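Only the coordinates and a few stated rules stand behind these numbers; no lab work does. Bear in mind the structure is a predicted one, so any value in this text is a computation, not a measurement. Here the Cβ positions follow ideal geometry from the backbone for every residue, glycine too, while neighbour counts run over all protein chains shown.
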Amino acid sequence: MQNRMFGNVPLHGIAKERVLKKLAERAVRGEKTRIFFLNAHCFNTAQKDAVYARSLQHAELVLNDGVGVEIGAKILGVPLEENLNGTDFTPEVLKSLAKLGGRVYLLGGEPGIAQTAGKNIEGTYPGIQVTGVSDGFFSDDKELVDRINSSKSNLLIVGLGVPLQEKWITDYLDRLDVQTVMAVGAFLDFTAGKVPRAPMLFRKARAEWIFRLLVEPKRMWKRYLWGNIVFFKHIAKYKFNSNIGIGKKDLPL
């Protein structure tokens with residue numbers, strides 16, 4: 001299986017079931033796994049933030065998220081087995097972990113969001129134990145890492161927003177006693193009910209971004225309207241600049 005570079009960042013374009021199998025295999029071997037997601041906004045950020053780009057380059061798994069990256073991958077000749085979505089994929093990880101009686105720590109969101117999300121997760125996935133929560137307004141990183149390690153969690157879910165969440169995970173991975181760490185963006189807000197999830201009609205049409213734009217126009221217009229234009233300008237740059245290698249570098253899994 002080949003896993004390619006998508007512009008200046010890696011993209012492990014493997015299907016959901018293969019990701020879950022890979023996580024289980026790595027857990028058995030005692031190997032830590034970072035799971036990051038790449039959507040059009042993330043890709044744009046990686047073009048101007050070298051530290052964030054390096055965080056993606058060092059991650060064990062970078063998964064495609066959304067229709068924009070799927071279209072961009074086709075243009076650049078990067079194979080994807082399945083179109084994934086971070087908000088839909090995270091529950092699949094929780095389902096698998098629930099069968100094992102897994103322990104989860106939640107980090108991110110405004111005060112109270114992680115607590116509410118934790119209660120909803122425990123109610124939705126019997127077998128999951130939420131062993132700790134922290135909001136995104138912490139100031140002492142060492143104290144936070146100690147708290148996470150004391151919880152003896154199997155999975156750490158981090159929702160601090162791009163690019164902070166990926167940078168924080170990369171900086172502290174070696175000090176974290178957690179097998180799997182996921183950067184999940186707005187997943188905690190969705191799970192806590194703070195932000196409404198798009199109706200199934202939008203999801204099936206692969207147009208969830210349109211719903212988010214309608215719900216939060218002031219916050220999302222730049223990301224989705226102007227951001228999509230910028231994204232495809234970057235894709236064109238990688239497509240037509242022969243000095244930039246794309247889709248050719250095999251990545252380990």
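Quick notes on this one:
- Anchor Lys142: lysines whose Cα lies under 27 Å away (excluding residues fewer than 8 positions away in-chain): Lys32, Lys119, Lys152, Lys167
- For region 148-183 versus region 4-58, the inter-centroid distance based on Cα atoms is 14 Å.
- Relative to the dominant Cα principal axis of the chain, helix 113-124 is inclined by about 80°.
- Helix-only CD estimate at 222 nm, as mean residue ellipticity for the chain, using -39500 (n - 2.57) per DSSP H run (n ≥ 4): -14000 deg cm²/dmol
- For region 29-93, a/c is not less than 1.5, where a ≥ b ≥ c are the root eigenvalues of the C-alpha gyration tensor, and a/b does not top b/c. That puts it in the oblate class.
- Cα lying deepest toward the dipole's positive end in region 4-240, options Ser55, Leu144, Gly102, charges on Cβ: Ser55
- Most positive-pole-ward Cα, Val130, Gly227, Ala114, against dipole of region 4-240 from beta carbon charges: Gly227
- Around the amide H of Gly102, modelled in the peptide plane, lie the amide H atoms of Gln129, all under 5 Å away and 5 or more residues distant in sequence or on another chain.
- Distant alpha-carbon pairs in the chain (separation over 33 angstrom), percent: 16 percent
- For the chain, the longest principal axis of the C-alpha atoms and the axis of helix 67-76 are separated by about 40°.
- Rounded to whole Hz, the Karplus (6.51, -1.76, 1.60) HN-Hα couplings of region 16-31, x for glycine and proline: 3, 5, 6, 5, 4, 5, 4, 4, 5, 5, 5, 5, 4, 7, x, 9
- Ordering Val215, Val104 from the fewest to the most neighbouring beta carbons within 10 Å gives Val215, Val104.
- Converting phi to 3J(HN,Hα) with the Karplus coefficients 6.51, -1.76 and 1.60 and the offset θ = phi - 60°, region 138-152 yields 9, 10, 10, 5, 5, 4, 5, 4, 4, 5, 5, 5, 5, 6, 6 Hz in sequence order, with x at every glycine or proline.
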